[in-house]
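Remarks on the structure that follows.
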Amino acid sequence: MNLLKVSDLEVSHGPLQALWGVDLAIATGEKVGLLGANGAGKSTTLGAIIGHYPAKAGRIELDGSDASTLDVSQRVMRGLALVPEGRRLFVEMSVRENLEMGAYLAAPRKKLSRSLDRVFDLFPILKEKQRQPAGTLSGGQQQMVAIGRALMSCPRLLLLDEPFIGVAPLIIKDVMNVLTQIAAEGITIVLVEQNIHRALEFVDRAYVIENGRTVLDGTRDQLLNDKSFGSKLLGLD
Ligand SMILES: Nc1ncnc2c1ncn2[C@@H]1O[C@H](COP(=O)(O)OP(=O)(O)O)[C@@H](O)[C@H]1O
Ligand SMILES: [Mg+2]
């Protein structure tokens, strides 16, 4: 059974329809990429999965049952967490307070100190800087806080929206290593990433979204050998 299944998903932002038919099927333990041009609908897809945007048509299933009508907290309780585009930290609050925000629901709150230790193990620099306002950290460290905050809700499926924007190249490698580690611990990962080669290095397979539709999917080799891959990525098809 799929952990997450998205079928024929359509989403509108006001009068503008952004998604016209997105299909994804993600099994537990997979690392899956979501690729596509700017404006293709990747962030809207992740936002609809976590519950920020209602589905206008189609279905979102978690563990085989319909999740389309659940609110964000209910989806988090079912194991979803989003690391949003642009991090969205509370910059005047401390690193630790930002992390604690991720454990706001009852069940994760009970495990708060254990989860905090785990995040500090993964990102030791955050332990050092836990009392500092999040806004004083570097871009890469802020991204670590955003990932850490998502981990504080003890997710089974982590949705990451372009986590390497504004992160120094040397730090990208560190963050990638942490993502590899948490994936090895069994957390399923969906990664939206602009850098195709970086994405394909990390994921097991990927979907290409073009103009609000899933148009291609496959493993790294399948995608790289598909003649339409480049034009679909650029939205030129
Ligand atoms: N909050 C919003 N309000 C209005 N239009 C939006 C909003 N978010 C995204 N869009 C539009 O929806 C389409 C898909 O955007 P998005 O999902 O952000 O694409 P991507 O993440 O692939 O760059 C684009 O045309 C974008 O302008
Ligand atoms: Mg986006």
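The values are calculated or read from the model by the stated rules, or taken from the named source; none is laboratory data. Computed from a prediction, not measured in an experiment: that's the story for all the values here. Cβ atoms come from the backbone with ideal geometry, glycine included; neighbour counts cover every protein chain shown. Heads up: the accessible areas ignore ligands, DNA and RNA and are worked out on the full protein's heavy atoms, side chains in. Shrake-Rupley method; radii C 1.70, N 1.55, O 1.52, S 1.80 Å.
Right, Leu99: at pLDDT 95 or above and either out of contact with any strand residue (DSSP E or B) (no Cβ under 9 Å at 6 or more places or on another chain) or acidic (Asp, Glu) (or both) or not? Walk me through how you get there before you give the answer.
Details: at pLDDT 95 or above: yes; either out of contact with any strand residue (DSSP E or B) (no Cβ under 9 Å at 6 or more places or on another chain) or acidic (Asp, Glu) (or both): yes.
Yes, satisfied.
In region 217-232, the count of residues that are open to solvent by 30 Å² or more (accessible area, probe 1.4 Å), touching a Lys or Arg at 6+ places or on another chain (Cβ under 7 Å) and outside any helix (DSSP H, G or I) is one or more.
Among the numbered conditions (1) hydroxyl-bearing (Ser, Thr, Tyr); (2) over 26 Å from Gly230 (Cβ atoms); (3) modelled with pLDDT of 95 or more, the only one that Ser68 does not meet is (3). Against the criterion of being within 16 Å of ligand 2 (Cβ to nearest atom), open to solvent by less than 20 Å² (accessible area, probe 1.4 Å) and assigned to a helix (DSSP H, G or I), Ala150 does not qualify. Remark: Gly21 matches the filter, which requires a residue to be in contact (Cβ under 8 Å) with a residue 12 or more places away in the chain, assigned to a strand (DSSP E or B), under 29 Å from Gly230 (Cβ atoms) and of a type outside the set (D, E, K, R). Note on region 11-27: among residues that are within 16 Å of ligand 2 (Cβ to nearest atom) and more than 16 Å from Gly64 (Cα to Cα), the one that is surrounded by the fewest Cβ atoms within 10 Å (Cβ to Cβ) is Leu16.
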